[in-house]
Amino acid sequence: TARVGRRHVRYLEKPRCQHQQEPMQQQQQQPSSVAISELRRLIGSLEVRVEQNQKQLNIPFLRAECDRLEAESSSENFWDNAEQAQAQMSQLSALRNSMSRAESWDTVLGDAKAALELVAEEPEDGEEVRELLSEARESLDHLGTEIGEFE
């Protein structure tokens, strides 16, 4: 504090009204049942988006195309035309990346579902439950962003 005239001025402190603190306290004390239902809803909507995008990618076609390019790349004269070989290897890499990305979406959804199952087994709303829910939410938010970028 510093004295200005007859008044004391406090630095770096903002006055807090009771109504300003309540939302933060409510958020920290949010029951896990609300968070669980939000995560279930989020998982449901992301499952639909993941399925749609995986259909659009046509994963079976990507696998078949990867198999074809890998078979071609193992032929004896594959590197005779270095430019064409490099283009095919780049295409193979891009196809693998697309498949890996789409498969990782399923992994994130599976992990979030597993976290919800673990939470359901916990008898209390403790730190572990909040941490599992927080990690699941963070992963699902990231997945939503990634799918949005893909779309």
Practice task
Can you send over the carbon and sulfur percentage of the accessible area for region 69-143, probe radius 1.4 Å, protein chains only?
Solution key: 45 percent
Practice task
Mind checking the per residue accessible area of region 62-142 for me, 1.4 Å probe, whole number of Å²?
Solution key: 66 Å²
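The values are calculated or read from the model by the stated rules, or taken from the named source; none is laboratory data. Model, not experiment: these values are computed from the prediction. These accessible areas exclude ligands, DNA and RNA; they are computed on the full protein's heavy atoms, side chains included. Shrake-Rupley method; radii C 1.70, N 1.55, O 1.52, S 1.80 Å.
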